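Novice: Could you have a look at this structure, given as structure tokens, before my questions?
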Ligand code: NAP
């Protein structure tokens, strides 16, 4: 069977989270883009970037024109904490802060002020860890990455020297994965601080569990070793505090302080104590998960698209974070996509013999196709090479369209 695939993308560039989500200091992870480019070279694949569903083309029209429509739209809205003071300037969600430093064209104008000694990251997952590392690193370590130029400039004049990650539950409940914890030991210019007492109590509690998640004991042991390590007396630190729930952001026209409740683990449950503490900080980022953005006519539940094993309705399917919720690594999404494709194949009926998105778009629409994207890609790679970076991202919509659609 020969499949013809049209990939529709809202931005002028493909690669989704690999381009605007994966941390700039995780260059190896980004090499998965080579797989994308190999697929893009196959006959039967076409890219239609700078095309937005609901604006340039409707889902209804796509459903009628194509045999199958797969929604692989991820989850780009940050969950909200819903506490007092969230409107204060210099409080961001990871859904704003990460795409800002990764050069997403919707976020290049975000005003980030790093004129503060202490920054707080809320959440005990890998996104929180990425953000905290990027904030705590010596800016010179970021110069050889593909971090956006506008963000590098801000990091280079940053006053942030202390980054505190605050998790609401205990170390045994943290969502960090093993490689991310182990990699903390490799940070040369940052003192990593875990509270030995918090970790030891968590180890005792974890030993009493009948069943434990894979990696739990080794993760706790890695945290214990980090808590015992001699501090190098660096002027930069990354502290991980558990059992701390944010209650309120305070400040006079700008963020100045965060009030936290101290939590406890009691009979396996995390509960509020009546104690609180506060941290003075001029920057707070919450990294507490994501929700899928709306597409008109599609049903949602708990931040993801309502589906059964990837089937949404009629010939519409969903995959990735939009299907399962915002959990899982690139590999998880790959195997998940493969399952959805198997389901699609088993449900396929007689082909429609139609399908051409060109007929659905306005004749003067500036679609970026694969050759347009290759121009953008080549331009970024060349300008990166000139300054010793893997790539220098173009972060402006207008410029991306000029490079990818040069007056065709
Ligand atoms: P995550 O792993 O689900 O972590 C979210 C964190 O936010 C949890 O610690 C959660 O605590 C906390 N949280 C949720 N609601 C909260 C609230 N109201 N107040 C305080 N804390 C709250 O999500 P993520 O960090 O966004 O990562 C998403 C997925 O991408 C994960 O599967 C992650 O492993 C993956 N990822 C991987 C990498 C990598 O491999 N390097 C990098 C980035 C992301 P509770 O547990 O108490 O709910």
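Bear in mind that the values in this text are calculations on the coordinates, not laboratory data. What you are looking at is a predicted structure, and each value in this text was computed from that prediction instead of being measured. Positions of Cβ are generated from backbone atoms using ideal geometry, with glycine treated the same way; all protein chains shown enter the neighbour counts.
Novice: Just how many % of Cα pairs in the range 124-225 lie over 23 Å apart, if you round to the nearest whole percent?
Specialist: 33 percent
Novice: Using a Gaussian network model on the chain with a 10 Å cutoff between Cα atoms, which of 110, 88, 228 fluctuates the most?
Specialist: 228
Novice: Set the Förster radius R0 to 25 Å, insert the Cβ-Cβ distance between residue 212 and residue 175 as r into 1/(1 + (r/R0)^6), and round the FRET efficiency to 0.05.
Specialist: 0.95
Novice: Under a GNM of the chain (C-alpha, springs under 10 Å), which listed residue has the highest mean-square fluctuation: 152, 226, 386?
Specialist: Looking only at 152, 226, 386, the largest GNM fluctuation is found for 386.
Novice: In the range 18-38, which residues have a backbone nitrogen under 17 Å from the label point lying 7 Å from residue 106's Cα in the Cα-to-Cβ direction?
Specialist: 18-22
Novice: Please report the antiparallel percentage of the DSSP beta bridges confined to the chain, to the nearest 5.
Specialist: Expressed as a percentage, antiparallel bridges in the chain total about 45.
Novice: As a test of the formula, what do you get for the chain when each DSSP H run with n ≥ 4 contributes -39,500 (n - 2.57) and the sum is divided by the residue count, at 222 nm and rounded to the nearest 500 deg cm²/dmol?
Specialist: -9000 deg cm²/dmol
Novice: Expressed as an acute angle from 0 to 90° and rounded to the nearest 10, what is the orientation of the C-alpha long axis of helix 370-386 relative to the principal long axis of the chain?
Specialist: 40 degrees
Novice: Report the paramagnetic label zone for residue 365: residues of the range 311-332 whose backbone N is under 20 Å from a point 7 Å from Cα along the Cα-to-Cβ axis.
Specialist: Answer for this model: 315-317.
Novice: Please figure out what share of the DSSP beta bridges in the range 80-288 is antiparallel and state it in percent, rounded to the nearest 5.
Specialist: The antiparallel proportion sits near 40 percent.
Novice: Given C-alpha coordinates of the range 80-288, what is the ratio Rg to Rh with the Kirkwood estimate of Rh?
Specialist: 0.96
Novice: Can I get the semi-axes of the range 257-408's equivalent ellipsoid? Compute them from the C-alpha gyration tensor as square roots of 5 times the eigenvalues, in angstrom, largest first.
Specialist: 40, 30, 16
Novice: What Kirkwood hydrodynamic radius do you get for the range 296-376 when you take the inverse of the mean 1/r over all pairs of distinct Cα atoms, in Å?
Specialist: When all Cα pairs of the range 296-376 are included, the Kirkwood radius is 15.3 Å.
Novice: Could you work out how far the C-alpha centroid of the range 343-408 sits from that of the range 1-53, in angstrom?
Specialist: Cα centres, the range 343-408 to the range 1-53: 9 Å.
Novice: Ok, one more. Using Cα atoms only, what is the angle between the long axis of helix 126-136 and the major principal axis of the chain, expressed in degrees (0 to 90) to the nearest 10?
Specialist: Tilt relative to the chain: about 70 degrees.
Novice: For helix 216-228, report the angle its Cα long axis makes with the longest principal axis of the Cα atoms of the chain; keep it between 0 and 90° and round to the nearest 10°.
Specialist: 50 degrees
Novice: Listed highest first by mean packing, meaning other Cβ atoms within 10 Å per residue, what order do 124-137, 194-207 come in?
Specialist: 124-137, 194-207
Novice: Using the scaling law 2.2 N^0.38 Å as the reference, what is the normalised Cα Rg of the chain?
Specialist: Compared with the compact-globule rule of thumb, the chain sits at 1.06.
Novice: Report the extension gain between residue 182 and residue 156 in nm, rounded to one decimal, defined as 0.36 nm multiplied by the number of residues separating them, less their alpha carbon distance.
Specialist: Gain on extension, residue 182 to residue 156, equals 6.7 nm.
Novice: Where in the range 294-319 does the label zone of residue 64 land, with the point 7 angstrom along Cα→C-beta and an amide N cut-off under 19 Å?
Specialist: 296-298, 313-317
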